[in-house]
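Below: the structure, in structure tokens.
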Amino acid sequence: MSLVGLVGGAIAITALELGAHLSDPIVRIPALVAAVALAVVTADSLVRIWRSAWAWMPVNRGQGLFRLVWTGTLVAVLAVLVLAAWIVLQA
């Protein structure tokens, strides 16, 4: 899934650098496919790290808190990803 995001992003960025507009299908389609793939991967990671954080709390509170910080980071990444996809859809 991450590979789909990488390739889709590379195609969209290359097209933008070669002069395509954000509203062109060569940019929109790969960017949206990549955004969906990365959202799925990020959501899966978010759930796994969230569960891991609470599993670590009774054993090592520092490790658990560290994982909670990563959970917050992934929430921010997911929000930026959704915002970027919305910008592409509005173009």
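The values are calculated or read from the model by the stated rules, or taken from the named source; none is laboratory data. Bear in mind that the values here come from a model prediction, so they are computed numbers and not experimental data. Every residue, glycine as well, gets a Cβ built from its backbone with ideal geometry; the counts of neighbours run over all protein chains shown.
When restricted to residues that are within 22 Å of residue 24 (Cα to Cα) and either touching a residue at least 60 places away in the same chain (Cβ under 8 Å) or buried (at least 16 other Cβ atoms within 10 Å of the Cβ) (or both), the range 40-83 contains 1. Only one entry of 47, 75, 69, 59 meets the criterion of being outside any helix (DSSP H, G or I) and more than 27 Å from residue 15 (Cα to Cα), and that entry is 59. Scanning the range 1-44 for residues that are assigned to a helix (DSSP H, G or I) and hydroxyl-bearing (Ser, Thr, Tyr) yields 2, 14, 42. Residues of the range 15-39 that are buried (at least 17 other Cβ atoms within 10 Å of the Cβ) and within 11 Å of the chain's Cα centre (by Cα): 34, 35, 37, 38, 39. Considering the conditions (1) over 20 Å from residue 86 (Cβ atoms); (2) modelled with pLDDT of 95 or more; (3) of a type outside the set (S, T, N, Q), residue 46 is excluded by exactly one of them, (1). Just wondering, is there one or more residues in the range 28-41 that are among the charged types (D, E, K, R) and over 15 Å from residue 91 (Cα atoms)? No - not one qualifying residue is present in the range 28-41.
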